[in-house]
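The next block holds one structure in the form of C-alpha cells; read it before the comments.
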Amino acid sequence: MNFFIETIGCQMNVNDSEKIALFLLEHGCCSVDNIEQADIVILNTCSVRFSAEHKAYSFLGRVKEYKQQNPDMIVAVVGCMAQYAYKEIKQRFDFVNFVLGAKHIDEFSKYISKYIDISSSSDITIQNKENQFFKFVTIMRGCQNFCSYCIVPYVRGPEISLDFEDIINEINNLVQNGVKEVTLLGQNVNSYKNKEVNFTNLLQKISAETDIENIRFMTNHPKDLSDDLIDEISNNSKICKHIHLPLQSGSDNILKNMNRKYTYDHYRNLVDKIRNKIPDINITTDIIVGFPGETDNDFDKTFQAIKQIKFGGIFGFKYSPRPKTLAYKLQDDVSETVKKQRLAILLEESNKISKQLNGNYIGKTADILVENFSNDTADGRNSQNIKIFFKYSKNIVGQKVKVKITKALANSMTGEIIV
Ligand code: SAH
Ligand code: SF4
Ligand code: F3S
C-alpha cells in the first residue's frame, strides 16, 4: 500500500511524521510523493495559529475529491489540531477514517491496524535516504508554561522528559545507521530533567557515550537557562553554536500579560552573558506582534530590542487568538492592518541586521556537513545554523567539508569549497 503524509507545524510534528513513516515502511508500505497514488493519506496538524488550521482544512477539502474517486482510500488526521478540534474535523469531513490527537500519537499503530494488515514486517531501519545523516530526537513532550497566547500545553499535555538512557540508546542506534547530526527537540529543552539528569548533563552524556558528530537543540526558554548550560555549549566542540531563545516582546507589560515570567532586562543580561562566554554564538528569536493591548509604545520597545540585541534571525508572527488559552478572553484589539505593518517593520530591520552580521563571516572558513545537493549546488549549515550554498560537481551529502564564505545575505551565505 502507498502512503502520503502531509505535515504542518513544527519539528515535533516533522519528527512524529517520520516515526509514522518508518512504522508504515517497516510494515511493507511505500512512501509516495502525491495524493493521487496514495492508498493511505495522513495529515499531521498544527494549531499554534489560525493560519495553520486553515491549511489543514483546505488540505482536507482537496483530499475529499480524491476520496470520491478512490473510496477505499484511508484518511487519518493526527497531531495538535486533531487533539482539540476532534469533533469539528469528524463533522466537517465525515470521510476521515480516524482522528488521533498529538497526546496519543504513540497509538498510531493500533489505529491504523484496523485498516491495514500490519502482521508482515520488513527490516528497514532508516529508509529516508535523503535525510539519513540528520535526525530529530525528541527528548521532551508537552509543555506546562502556559504562556497566555499559546495552545501547545492544551494540545500536547504537561511537560514530560523522556528517559535519558532511552535517548542515549536512540542516538547510538542512529549513529550505527550513519547519522552524523542530531537535533534534540522539546518545547523547552533547557528544563529537561530525568532522574537527576538535567539538560547540561544530558548533553555531556550524549557527547561522552555516543559517537554523534554534531548536536543541535531547540527550543529554549529564557526564564531558566543555566550558567552550566552556557559553559557546556562553550566548551563542548560537538555542540553547535546556536541558541534559539524566543523573546516574544520587548515590552515588560506585554511580557507580563503573556505570562513569560521574565523581563526584558533579564533577557538582555542573559544574552550578554551568553555572548561573553561564547563569542561565536548565533542567537535567534521568536517575536509576536499585536498581542492584545500592544500599544505603539510597546511595539517600539520590541523594535528597540531588535536593534539593541542584533539577533542572527527572527521568526515574527502576528498574534492569533487561540481557543482555550488565557489570552483568548482578551479582546484581539490590534487590527490586522497594524499587525501586518508592525511585522513588516520588524522583519525589514531584522533582515538588515542579519545581513550585516552574516557579512562578518565573509573571508572566513566554515566546517559544514553537507545536507542537500541538486543541479551542481550543495548546501549545509555552519555551526551557527546559517545555511551556506556552494557549487560542487557531485553529490557529497553527509560529508564534512570546509567552505570559504564569499557572500552574505540575510538568511543564507554562499561560499567556495576548500577541502
Ligand atoms: N515552546 C516554544 C515555542 C513553540 S510555538 C517556545 O516557547 O519557545 C513557536 C512560536 O509560535 C512561539 O515562540 C510564538 O512566537 C509563536 N506563537 C505561539 N502561539 C502563538 C499565537 N497564538 N499567535 C501567534 N504566534 C504564536
Ligand atoms: Fe507555548 Fe510558552 Fe510552552 Fe512555548 S513555552 S510551547 S510558547 S506555552
Ligand atoms: Fe508544534 Fe504546532 Fe503542535 S507548533 S507543538 S505542531 S501546535
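Here are the numbers for the structure shown:
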item: Other-chain or far-sequence residues with amide H under 5 Å of residue 136's (modelled H); result: 183
item: Charge sum, other residues only, whose C-beta stays under 14 Å from residue 418's C-beta, Lys/Arg counted +1 and Asp/Glu -1; result: +3
item: Amide H contacts of residue 31 (H built 1.01 Å from N, under 5 Å, at least 5 apart or other chain); result: 3
item: Phi to ³J(HN,Hα) by Karplus 6.51 cos²θ - 1.76 cosθ + 1.60 over the stretch 52-63, Hz, x for Gly, Pro; result: 5, 5, 4, 4, 5, 5, 6, 4, 5, x, 5, 4
item: Using alpha carbons only: equivalent-ellipsoid semi-axes of the stretch 33-131, gyration tensor based, whole Å; result: 22, 17, 15
item: All-pairs alpha carbon distance profile, the stretch 268-419, 10 Å steps from 0, percent; result: 10, 31, 26, 20, 11, 1
item: Segment residue 36-residue 62, length gained on full extension (0.36 nm per residue, minus Cα span); result: 8.3 nm
item: Average accessible area per residue (Å²) across the stretch 294-419 - probe 1.4 Å, nucleic acids and ligands excluded; result: 54
item: Part-to-part distance (alpha-carbon centres) for the stretch 316-347 and the stretch 259-309, which is given in Å; result: 18
item: Summed side-chain charge close to residue 164 - residues other than residue 164 whose Cβ falls under 11 Å, Lys, Arg +1, Asp, Glu -1; result: -3
item: 14 Å beta-carbon shell around residue 362, net charge (K/R +1, D/E -1); result: +3
item: Given charges at Cβ of Lys, Arg, Asp, Glu: the stretch 250-368 dipole, positive-most of 308, 281, 362; result: 281
item: Choice from 145, 177, 15 with maximal GNM fluctuation in the chain (Cα, 10 Å cutoff); result: 177
item: Qualifying trypsin sites (Lys or Arg not before Pro) for the stretch 121-211 [loop in DSSP, other Cβ within 10 Å: at most 10]; result: 195
item: Gaussian network model of the chain, springs between alpha carbon atoms under 10 Å - residue of 47, 121, 17 with greatest fluctuation; result: 121
item: Rg/Rh ratio calculated on Cα atoms of the chain (Kirkwood radius); result: 0.96
item: Cut-off under 5 Å, modelled amide H: who pairs with residue 193 long-range; result: 161
item: The chain: most fluctuating residue of 240, 30, 147 per GNM, C-alpha cutoff 10 Å; result: 30
item: J(HN,Hα) series, the stretch 272-280, from Karplus relation 6.51 cos²θ - 1.76 cosθ + 1.60, nearest Hz, glycine and proline x; result: 4, 4, 4, 5, 5, 7, 10, x, 9
item: Surface share of carbon and sulfur [accessible, 1.4 angstrom probe, percent] for the stretch 1-116; result: 47
item: Relative contact order for the chain, counting Cα pairs under 8 Å that sit 6 or more residues apart, in percent; result: 10
item: Sites residue 211 and residue 70, calculated FRET efficiency, Cβ-Cβ separation with R0 56 Å, nearest 0.05; result: 0.75
item: Carbon + sulfur, % of accessible area of the stretch 267-419 - ligands and nucleic acids excluded, 1.4 Å; result: 50
item: J(HN,Hα) series, the stretch 195-212, from Karplus relation 6.51 cos²θ - 1.76 cosθ + 1.60, nearest Hz, glycine and proline x; result: 6, 6, 9, 8, 5, 4, 4, 4, 4, 5, 5, 4, 5, 7, 9, 9, 9, 5
item: The stretch 2-50 - accessible surface per residue (Å², probe 1.4 Å); result: 38
item: Cross-link reach list, lysines versus residue 180, counting only Cα pairs under 19 Å and skipping chain neighbours closer than eight places; result: 19, 129, 135, 205, 238, 241, 387, 400, 402
item: Apportionment of accessible area to carbon and sulfur, the stretch 117-211, percent (1.4 Å); result: 44
item: Neighbour cut-off at most 12 other Cβ (10 Å), DSSP loop, GluC sites (Glu not before Pro), the stretch 1-99; result: none
item: Total charge dipole magnitude, the chain, about the Cα centre, Cβ charges on Lys, Arg, Asp, Glu only, Debye to nearest 20; result: 1040
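The values are calculated or read from the model by the stated rules, or taken from the named source; none is laboratory data. Everything numeric in this text was worked out from a predicted model, so none of it was measured. Cβ sites come from the backbone with ideal geometry, for glycine too, and all protein chains shown count toward neighbours. Quick note on the areas: whole protein, heavy atoms, side chains included, nothing else; ligands and nucleic acids left out. Shrake-Rupley method; radii C 1.70, N 1.55, O 1.52, S 1.80 Å.
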